[in-house]
Amino acid sequence: MLRLDTRFLPGFAEDLRANLLLLQEARERLLAKRGQKGAMLGWIDLPEDTETVREIRRFRTANPWVEDFVLLGIGGSALGPKALEAAFNQSGVRFRYVDHVEPEPIRKLLKTLDPAKTLVNAISKSGATAETLAGLLVFLDWLKAHLGEAWRRHLVVTTDPKGGALRALAEREGLTAFAIPEEVGGRFSVLSPVGLLPLAFAGADLDALLMGARKANEQALAPLEESLPLKTALLHHLHRHLPMTVFMVYSERLKHLPAWFVQLHDESLGKVDREGRRVGTTALPALGPQDQHAQVQLFREGPLDKLLTLVIPESPEEDLPLPPAAELPEAGYLFGKTLFRLLKAEAEATYQALAEAGQRVYALYLSQVSPYAVGWLLQHLMWQTAFLGELWGVNAFDQPGVELGKRLTRAFLEGEG
């Protein structure tokens, strides 16, 4: 379950009623594009793609030998899988993420892996991502050197259904290849094979994850005053004058989720709008309670220039009691409590302290850190972002600024000869 709490934004109910027409128009504009080529709304339908889940499960069953899973990808190809695998890995498979091009960590990684027990997953929708191709060159050479012709069994690609360098490689060499649907962009791809293939090797409950995402779809299409992603999109729209939005998660298992959200929000919404204006707010990641000791001082007494979202679990799957210790009387206030009770108290205290300091803050409560609740949260945030694109007059599904950087990088390398 996902629940919105706006107790410290007391005027929000009136704001919601006053903006129902605006929200209705934004949703209608978005949904009118469904089915249009190039609209990039295929992520909405991913939770219904049960055939892909079956294909992924068959591949997992056919490869029980995997002990290390190396993911070659960057941005949306790595951030989502990393966030979910860290939360729900219960298989014992070790995951290694090559989402950079720094040579020393990659050389160190190669020395620790057993090629006979390693599966490499190269992920790139276009098949042209420089960082992914560079990593693939290194690991192709490594696999061939150690395994000879058997290297093909140890490489799987996730890419465009028809074109690109990775698709061509898979067809030439007979590699297993999973498709990122044509109408799904990288930062919206976590519920495609980009995320589901690694999660299958992590032993996560794919059915529950997708069931939660289907619930988010249901909420997105609900009557206006009941639509959770429309409500949170409106919260961001009403606070668009604040330059920053903080996404703070109170779960160690979800420690990589804020980074996924930062890319989703910033790359989707930091654009030039239809009127030629630069729009967007800068998303910042935070993790509780660690960042209570790092960032919250600034959030409390620094500039009032932020909208903060706190993601707070409501109950644990397992808890751990805090026993008394006569040697530590100073810890007496903790005796008889539990670790989760401490975590929840810290989250609620931060929530109240931020509000009392004048910061604009709301909470999203997760019933538990479970695949169902997190699948719901992921899809909710994608709907929120898509709705905000309509409210702010930008295309939430392109990234022209990123593409320029890619072209310049290639030009620099080609100029070196």
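Structure data summary
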item	result
Matching entry among 136, 155 (being surrounded by 19 or more Cβ atoms within 10 Å (Cβ to Cβ) and touching a Phe, Trp or Tyr at 6+ places or on another chain (Cβ under 9 Å))	155
Residues satisfying the stated conditions in the range 55-88, i.e. under 26 Å from residue 43 (Cβ atoms), open to solvent by 10 Å² or more (accessible area, probe 1.4 Å) and in a loop (DSSP other than H, G, I, E, B)	74
Selected residue (only one of 165, 200, 213 is farther than 30 Å from residue 228 by Cα and either open to solvent by less than 20 Å² (accessible area, probe 1.4 Å) or among the small types (Gly, Ala, Ser) (or both))	165
Failed item, numbered, when residue 286 is tested on (1) within 23 Å of residue 21 (Cβ to Cβ); (2) open to solvent by less than 20 Å² (accessible area, probe 1.4 Å)	(1)
Residue match in the range 304-315 (condition: modelled with pLDDT of 95 or more, surrounded by 13 or more Cβ atoms within 10 Å (Cβ to Cβ), assigned to a strand (DSSP E or B) and in contact with a His (Cβ under 6 Å, 6 or more places away or on another chain))	yes
Criterion violated by residue 91 - all others in (1) assigned to a helix (DSSP H, G or I); (2) under 24 Å from the mean Cα position of the chain (by Cα); (3) over 30 Å from residue 360 (Cα atoms); (4) not hydrophobic (A, V, I, L, M, F, W, C) satisfied	(1)
Test result for residue 128, aliphatic (A, V, I, L, M) and open to solvent by 60 Å² or more (accessible area, probe 1.4 Å)	yes
Answer from 112, 118 - the residue that is crowded, with 19+ Cβ neighbours inside 10 Å and either among the polar types (S, T, N, Q) or out of contact with any helix residue (DSSP H, G or I) (no Cβ under 7 Å at 6 or more places or on another chain) (or both)	118
Residue 176 vs. criteria under 30 Å from residue 294 (Cβ atoms) and among the hydroxyl-bearing types (Ser, Thr, Tyr)	no
Spans of helices (runs of 4 or more DSSP H) in the range 181-279 with at least 3 residues over 13 Å from the mean Cα position of the chain (by Cα) and of a type outside the set (Val, Ile, Thr)	193-202, 206-220, 228-238
Top-ranked residue in the range 14-65 [being basic (Lys, Arg) and closer than 30 Å to residue 119 by Cβ; ranked as farthest from the chain's Cα centre (by Cα)]	58
Residue 396 vs. criteria surrounded by 13 or more Cβ atoms within 10 Å (Cβ to Cβ), modelled with pLDDT of 95 or more and in a loop (DSSP other than H, G, I, E, B)	yes
Count of the range 1-52 residues which are part of a loop (DSSP other than H, G, I, E, B), within 21 Å of residue 195 (Cβ to Cβ) and open to solvent by less than 30 Å² (accessible area, probe 1.4 Å)	1
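The values are calculated or read from the model by the stated rules, or taken from the named source; none is laboratory data. Just so it is clear, the model here is predicted, and its values are computed rather than measured. No Cβ is skipped: glycine too gets one built from the backbone with ideal geometry, and neighbour counts run over all protein chains shown. Accessible surface areas use protein heavy atoms only, side chains included; no ligands, DNA or RNA. Shrake-Rupley method; radii C 1.70, N 1.55, O 1.52, S 1.80 Å.
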